[in-house]
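Take a look at the structure set out below.
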Protein chains: 2
Amino acid sequence: MLFSEMGFDGATVDAIARRAGVNKAMISYHFAGKHGLYTAILTRDFEWAQERLSELDTGIIRADTKLARFVAIFGDLHVRHPHLSTMMLREAMSGGRHLDAILVPHIRRIFERVQAILAQGEREGTLRRVDPLMTHHIVLGSLAFFFAARPLRDRMIAEGIVAVEPPDPARFVSTLQELLARGLAKES
Amino acid sequence: MLFSEMGFDGATVDAIARRAGVNKAMISYHFAGKHGLYTAILTRDFEWAQERLSELDTGIIRADTKLARFVAIFGDLHVRHPHLSTMMLREAMSGGRHLDAILVPHIRRIFERVQAILAQGEREGTLRRVDPLMTHHIVLGSLAFFFAARPLRDRMIAEGIVAVEPPDPARFVSTLQELLARGLAKES
DNA sequence: GTCTATAGGCTGATAGAC
DNA sequence: GTCTATCAGCCTATAGAC
């Protein structure tokens, strides 16, 4: 996806239309312009994400299990919607320059979910007390970076600049899950 | 910095020159065009980073201490050179579209440093055996994201969308150091 | 070294035929 | 709904005066 690879300014309507096999004018007709298309993509991806995350809306599951599920859902999200991480990273860096106001609550809700899991863990005694905002950045940042950095990583691997195998997303998810399980456990 | 906030395509030479208080033509004259300026900035920042990281080039320090130092150095790097994380994140996402070939070895060297610390920790018995590439992504991704996401985070805090205080970089560094110390310790 | 003026190319959007 | 043709605006780079 061009918005993902090139950013809002780097992706031209002409190139987007060509890759989609449609006419340039169709984008204005169906999405009210470049910005409308951009917002439509992010809205679709965020709604998919929120629906998957609503699995966690129950008190029955333990917080440490919820955190592991949260990481797994985000891993799955990035595999299925690989554009969301890159588009959101770009928005984060630009202060949301191209971010429509209707998308902002989605971001807030994801942070609130991490906050809720950590608070539950503290109440239950399954997770040690940590700063929710800092932990949110570690969890989301690790995940977003792993998936977003794929283009350069793949290139460096292909060109033999780093001598590693292309990493498996599932393995990254389990590595992060284990680090968090050990690192956030009540007593160590 | 405009490359940082807007990306290579979003930042116009006109705007860069205006903010720097110089004439548009001066950028072509001194840096051989927009791309030359971009490469000059990244070269300067990377060289500064490598010099700071060379502190870790000794076997005397324990690997778990080195890892904490690595995180602290990167935290300091992002505070002093806040453009490096955002510019590199954008390059990572675009497969290095605007990345001059002379900058690629810098990226490899940073990964090799993480690899060396983890290998030392395993030999010494101070760190448990983990995948170096995955761990590299967790450490660098957490740090890059925390600092790169500042524009949107600050905006959401200022607008009262999330009810938190602007986070202190030093506190983020210590939170990450503690998570890694507990999460990567030999026995838990 | 520094500036203004301008060339030459590309961009997003749309009018209007079908 | 879909296309082609085109416009007005913006971009980078540079020629040439000082």
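The values are calculated or read from the model by the stated rules, or taken from the named source; none is laboratory data. The shown structure was predicted, so the numbers you read here are calculated from the model rather than taken from an experiment. Cβ: placed from backbone, ideal geometry, glycine included. Neighbour counts: every protein chain shown.
Points to keep in mind about this one:
- Any hit, the stretch B:52-59, residues being surrounded by 13 or more Cβ atoms within 10 Å (Cβ to Cβ), within 22 Å of the chain's Cα centre (by Cα), more than 16 Å from DNA strand C (Cβ to nearest atom) and of a type in the set (S, T, N, Q): no
- Summed over the stretch A:1-39, the residues that are acidic (Asp, Glu) and surrounded by 13 or more Cβ atoms within 10 Å (Cβ to Cβ) give a count of 2.
- Residue A:64 vs. criteria modelled with pLDDT of 95 or more, within 13 Å of the chain's Cα centre (by Cα) and away from DNA strand C (no atom under 16 Å from the Cβ): no
Conditions (1) within 7 Å of another protein chain (Cβ to nearest Cβ); (2) modelled with pLDDT of 95 or more; (3) under 24 Å from residue B:164 (Cα atoms), marked per residue:
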residue: A:147; (1), (2), (3): no, yes, no
residue: A:152; (1), (2), (3): yes, yes, no
residue: A:167; (1), (2), (3): yes, yes, no
residue: A:170; (1), (2), (3): no, yes, no
residue: A:173; (1), (2), (3): no, yes, no
residue: A:176; (1), (2), (3): yes, yes, no
residue: A:187; (1), (2), (3): no, no, no
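- Matching residues in the stretch B:8-54 - criterion: being within 14 Å of another protein chain (Cβ to nearest Cβ) and under 12 Å from residue B:84 (Cα atoms): B:38, B:42
- Answer from A:93, A:87 - the residue that is away from DNA strand D (no atom under 16 Å from the Cβ), more than 30 Å from residue A:122 (Cβ to Cβ) and touching a residue at least 60 places away in the same chain (Cβ under 8 Å): A:87
- Any hit, the stretch A:110-121, residues being in contact (Cβ under 8 Å) with a residue 40 or more places away in the chain and within 15 Å of residue B:149 (Cβ to Cβ): yes
- Residue ranges of helices (runs of 4 or more DSSP H) in the stretch A:1-57 with at least 3 members more than 14 Å from DNA strand D (Cβ to nearest atom): A:2-10, A:34-53
- Residue check for residue B:63: within 23 Å of residue B:132 (Cα to Cα), away from every other protein chain (no Cβ under 11 Å) and touching a Gly at 6+ places or on another chain (Cβ under 6 Å): yes
- Positions within the stretch B:58-76 being outside any helix (DSSP H, G or I) and not charged (D, E, K, R), in sequence order: B:58, B:59, B:60, B:61
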